[in-house]
Amino acid sequence: MPSSSLIAIVDDDRDIPVAISSLVRSLGYSAECFHSAEQLLHHSNLKDFLCIISDIHMPSMDGIELTNALSDLERDLPVILMTGRMEPALAEKAYASGAISVVAKPFSAEDLSANLKKASSLRHRDT
């Protein structure tokens, strides 16, 4: 387990972050929930996070815009984007923004675990 195991979860549907944070904790990580991209961006220190899990479809700033903003603020912070409407063009746009993975909701604990391991290896590859 990495020394920093805090996962940020961003979704405007208030029930989703609670459910995902429970799953994240069951995998041995810690979680902090945010209900908008802007709320996450106002966090005092993005370096605290191992990675971000964000919904793509949100009002105001969507997950792809968030990924673009994070690349300017904390370039090595992995982002996993999730969506209830998986479309090839959307996945392409998400990967082009810098997301390390795009997952369809609902996803399994195994899928989440694999993505968190990938994020951890990317986040700590230089340490």
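The values are calculated or read from the model by the stated rules, or taken from the named source; none is laboratory data. Quick caveat, the model's predicted, so the values are computed rather than measured. Don't worry about glycine lacking a Cβ; one is built from the backbone with ideal geometry, like all the others, and counts go over all protein chains shown. Surface accessibility is based on the protein's heavy atoms, side chains included, excluding ligands, DNA and RNA. Shrake-Rupley method; radii C 1.70, N 1.55, O 1.52, S 1.80 Å.
Remarks
- Each residue in the range 23-53 was checked for being within 23 Å of ALA94 (Cβ to Cβ) and acidic (Asp, Glu), and 2 of them qualify.
- Count - residues of the range 83-107 that are open to solvent by 30 Å² or more (accessible area, probe 1.4 Å), under 20 Å from LEU50 (Cβ atoms) and small (Gly, Ala, Ser): 1
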